[in-house]
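J.: Right, I'll just put the structure down here and ask away after.
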Amino acid sequence: MSLRDWRPRGPYPPAPSPVRGGGGDGWPAPLPRALGRGVPGRVLPDFTLYAALVRAQVSAQLQYRGSFVVQAVGQFLATFVDFITLVFLFQRFPSIAGWTLGEVAFLYGLGGLAFGISDLLCGGFDGLSKMIRLGTFDRVLTRPVGTFAQVLAGDVQIRRLGRIVQGMVTLGLAVSWVEVAWTAPKVAVLVSAVVAGVVIFTAIWVIGAAITFWTVETSEVTNVFTYGGEALVSYPMPIYAEGLRRFFTFVVPLVFVSYLPALYILEKADPLGLPPVLQLCSPIVAVVFLLVARFCWALGVRHYQGTGS
Amino acid sequence: MRLYWELARYGFRRTAIYRSAALSGAITNTFFGFLRAYTFIALFQTRGEVGGYVLADALAFTFITQGMAALIALWAWWPIAETVQTGQVASDLSRPYDYQFAWLAQDYGRALFQLVARSVPPFVVGMIAFGITVPTDPLIWLAIIPSIVLAVAVSFGWRFILNLTTFWWIDQRGIANTSMLVATLFSGFLVPLAMWPDGVREVVYALPFASMVAIPIDVFLGKLQGVDLVAALALQAFWAVVLLALGRLVLSAALHKLVVQGG
C-alpha cells in the first residue's frame with residue numbers, strides 16, 4: 001500500500017465547505033463529535049460509531065429499492081423452503097420424537113428468528129477473511145475505535161430482513177397451531193430466548209472470524225456451526241446422537257437457543273433429563289459464551305500480522 | 001472433439017485447485033447429512049414405510065443428495081455471468097468453438113471433480129456411520145452412469161440459461177435467489193418426491209428439476225425398474241435436449257443485444 005492510496009482524492013486538506021460530507025465530494029459524512037475522542041474498547045463511542053456506520057449502509061442500500069425488495073423477498077422464500085419441507089414431512093409422519101408439527105415449527109421459528117437477526121448483524125465477521133487478504137484490516141487497526149465494533153458494522157445487509165421476517169412468520173404460525181397458556185414468565189422466556197439466541201449465534205460468527213486471523217481463509221467449517229446450527233436447533237434435541245447433543249450443550253451451547261426455552265414455554269417433558277432450571281438460563285449462557293468469543297477475538301487481533309501485500 | 005476433451009480437463013483442474021474449499025465443503029455436506037439422517041431416523045419410528053421408502057432408503061437418500069448438491073451445482077454457479085460482467089465474454093464468443101458446448105465440456109470436468117471430492121466422501125461416511133449400502137444389482141450401476149451424465153446436462157442447461165440473463169439483468173442476485181429456491185424445492189432435494197402429497201408429486205416429477213436430483217436417486221435406490229427406468233432416462237434426455245436448445249435460443253437473442261465497446 002503506497003502513501004498515495006490512503007490520502008483522499010482531491011485537495012488535501014480539503015477546503016472547508018458547508019456541504020462537505022455526503023455531498024458526493026468523496027468525503028464521508030462527518031461522524032459525531034464525541035467520536036474524535038474515542039478510545040479503543042470504550043463502549044459508548046463504539047456504539048455511536050456502530051450506529052453511524054450502519055445508518056450509512058442502510059441508506060446506501062435503500063438507494064436501490066427494487067433490488068432490495070427482490071432480494072429480501074428472495075431471502076424470505078429461500079429460507080421458507082425448509083419450512084415447506086417440514087410441513088410436507090408432517091403430512092406423512094404424525095410426529096417426531098413426540099413433537100407435533102406446531103411444536104417443531106415453534107423450535108424452527110425461534111431458531112430462525114435468532115439466526116436471522118445475528119446473520120443481519122454479523123455479515124462483517126463473515127467477510128473478515130477478505131479484509132485480511134486485501135489488507136483493509138490494517139485500516140481498521142489504525143482507527144481510534146475498537147476493532148470489534150468496526151468489523152461488526154462492516155457489512156450490514158438489510159436484504160437479510162427477509163430471513164428475519166420468515167422466522168417471525170413461522171413463529172407466529174407455530175403459536176397459532178399449538179395451545180400455549182401464555183403467562184408473563186413465558187413471554188419473558190420467549191423474548192430472552194430470542195435475544196440469547198442472537199448472542200449465541202453472534203458469538204459463533206465471532207469465534208469463526210477470530211480463527212481466520214490464523215488461517216486467513218474463511219474456514220467453511222464455520223458454516224457447520226452457523227447455518228448448520230440453525231438447522232440443528234430446528235428439531236428437538238432428543239433426535240440427535242448423544243455425542244452430538246453433548247457437544248451442542250457443553251461446547252457450543254446451541255441447546256439454549258430453542259430447545260430448552262421451548263420446553264418451558266410449551267410445558268413439555270424433557271427425556272434428556274436436563275435440570276429444569278437450565279430452561280431459564282439461556283441469557284446467562286449467552287453472555288458467558290459471548291465473553292469467550294470476545295476473548296478469542298482479542299487473541300486473534302493480537303496475533304494478526306497482516307498478509308504482507 | 002479433442003478441443004472439448006481438453007476443455008473438460010481444464011474444467012476439472014480449475015475446480016481441483018480449490019482443494020481446501022472442496023474439503024470444507026465436503027465436511028459441511030456431511031454434517032448436514034447427519035442432521036437430516038437423525039431427523040429421518042426419528043420420523044421413521046412412527047411409521048415403517050412412506051411412499052415406498054423405508055428408513056434405509058431415506059438415509060441413503062440423505063447422503064446422496066448432500067453429495068449431489070455440488071455435483072450438479074444446485075446452488076451457486078455463475079462463471080458465465082462473471083464473464084459478462086467483466087467483458088471477458090466478448091473474447092470467449094469469438095473463439096473457434098461452439099460456445100455452449102465449450103462450457104458444457106468444462107462443466108463435465110467440474111462435475112467429475114465434484115463427484116470424487118464432494119459426492120463420494122459423504123456417502124462413504126454415511127456407509128460407516130449409518131450402515132447405508134450400495135446397490136448390488138449390476139443393472140443399477142449400468143443405469144446410474146447415464147442418469148448422472150444426463151442430470152449434469154439438464155442442470156447445466158438450466159444454469160446456462162440463468163447465466164445468460166445477465167445480458168439483460170446485470171445484477172443476478174434476485175435470479176440467483178429465486179432459482180435456488182425453485183431448484184431446491186422441485187428437484188426433490190429436501191424430501192424424496194415419493195413422500196410429496198399425491199397430485200403435486202406427479203407434476204413435479206415431470207419438471208426438469210426432478211431430472212437433476214430425484215430421478216438419479218431413484219435409479220440408485222432401485223425404485224425404478226424395467227419400463228419405468230427407461231422412461232425416466234428418456235425424460236432426463238428430453239429435458240437435457242430441450243434446455244440446451246432453449247439455451248441456444250437465449251444465447252442468440254443475447255448476441256443481438258451484445259455491444260462490444262472498444263477494440
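J.: Could you list, in sequence order, the residues of the range A:245-271 that are buried (at least 16 other Cβ atoms within 10 Å of the Cβ), out of contact with any Phe, Trp or Tyr (no Cβ under 7 Å at 6 or more places or on another chain) and not charged (D, E, K, R)?
T.: Of everything in the range A:245-271, those that are buried (at least 16 other Cβ atoms within 10 Å of the Cβ), out of contact with any Phe, Trp or Tyr (no Cβ under 7 Å at 6 or more places or on another chain) and not charged (D, E, K, R) turn out to be A:PHE248, A:THR249, A:PHE256, A:VAL257, A:SER258, A:TYR259, A:LEU260, A:PRO261, A:LEU263, A:TYR264, A:ILE265.
J.: OK, next. If you check every pair at least six apart or on different chains, which have Cβ atoms under 6 Å apart with a residue in the range B:189-217 that is within 14 Å of chain A (Cβ to nearest Cβ) first and a residue that is surrounded by fewer than 21 Cβ atoms within 10 Å (Cβ to Cβ) and basic (Lys, Arg) second?
T.: Final answer for the pair search is B:LEU193/B:ARG201; B:MET195/A:ARG92.
J.: Same structure, new question: Among the numbered conditions (1) in a helix (DSSP H, G or I); (2) closer than 30 Å to A:PHE88 by Cβ; (3) over 20 Å from the mean Cα position of the chain (by Cα); (4) within 14 Å of chain A (Cβ to nearest Cβ), tell me where B:THR62 comes up short.
T.: So the condition that B:THR62 fails would be (3).
J.: Could you pull out the residue among B:SER24, B:SER20 that is touching an Asp or Glu at 6+ places or on another chain (Cβ under 6 Å) and within 14 Å of chain A (Cβ to nearest Cβ)?
T.: B:SER24
J.: Just name the residue that is most open to solvent (accessible area, probe 1.4 Å) out of those in the range A:61-91 that are more than 7 Å from chain B (Cβ to nearest Cβ) and polar (S, T, N, Q).
T.: In this case the residue turns out to be A:GLN63.
J.: Now for a different question. Is there a residue in the range A:186-201 that is part of a helix (DSSP H, G or I) and either of a type in the set (Asp, Glu) or within 14 Å of chain B (Cβ to nearest Cβ) (or both)?
T.: No, the range A:186-201 contains no residue that is part of a helix (DSSP H, G or I) and either of a type in the set (Asp, Glu) or within 14 Å of chain B (Cβ to nearest Cβ) (or both).
J.: Would you check if B:THR39 is among the polar types (S, T, N, Q), assigned to a loop (DSSP other than H, G, I, E, B) and within 10 Å of chain A (Cβ to nearest Cβ)?
T.: No, not satisfied.
J.: B:VAL54 - would you say it is facing chain A (nearest Cβ under 7 Å) and either farther than 14 Å from B:MET127 by Cα or at pLDDT below 90 (or both)?
T.: No; evaluated as a whole, the condition is false for this residue.
J.: If B:PHE31 satisfies every condition in (1) without any contact (Cβ under 8 Å) to a residue 40 or more places away in the chain; (2) open to solvent by less than 10 Å² (accessible area, probe 1.4 Å) but one, which is the exception?
T.: (2)
J.: Next up: Wholly within the range A:219-295, which helices (runs of 4 or more DSSP H) include no fewer than the required count, namely at least 2 residues that are more than 14 Å from chain B (Cβ to nearest Cβ)?
T.: Where helices (runs of 4 or more DSSP H) fall fully within the range A:219-295 and carry at least 2 residues being more than 14 Å from chain B (Cβ to nearest Cβ), they are A:259-266.
J.: Specify the residue that is nearest to B:LEU193 (Cα to Cα); the eligible residues are those in the range B:234-247 that are buried (at least 18 other Cβ atoms within 10 Å of the Cβ) and in contact (Cβ under 8 Å) with a residue 60 or more places away in the chain.
T.: Going through the qualifying residues, I end up with B:GLN236.
J.: Also, I was wondering about something else. Checking A:GLY98 against (1) at pLDDT 85 or above; (2) surrounded by fewer than 18 Cβ atoms within 10 Å (Cβ to Cβ); (3) out of contact with any Lys or Arg (no Cβ under 9 Å at 6 or more places or on another chain); (4) more than 7 Å from chain B (Cβ to nearest Cβ), which test does it fail?
T.: If we test A:GLY98 against (1) at pLDDT 85 or above; (2) surrounded by fewer than 18 Cβ atoms within 10 Å (Cβ to Cβ); (3) out of contact with any Lys or Arg (no Cβ under 9 Å at 6 or more places or on another chain); (4) more than 7 Å from chain B (Cβ to nearest Cβ), just (3) comes out false.
J.: Identify all residues within the range B:183-209 that are open to solvent by less than 40 Å² (accessible area, probe 1.4 Å), part of a helix (DSSP H, G or I) and of a type in the set (A, V, I, L, M); write none if there are none.
T.: Matches in the range B:183-209: B:ALA183, B:LEU185, B:LEU193, B:ALA194, B:MET195, B:VAL204.
J.: Also: Within the range A:259-278, which residues are closer than 25 Å to A:TRP205 by Cβ and at pLDDT below 95?
T.: Residue satisfying the conditions is A:LEU278 alone.
The values are calculated or read from the model by the stated rules, or taken from the named source; none is laboratory data. All of these numbers come straight from a predicted model, not from anything done at the bench. Cβ: placed from backbone, ideal geometry, glycine included. Neighbour counts: every protein chain shown. Just so you know, the surface numbers come from the protein's heavy atoms only, side chains and all, with ligands and any DNA or RNA stripped out. Shrake-Rupley method; radii C 1.70, N 1.55, O 1.52, S 1.80 Å.
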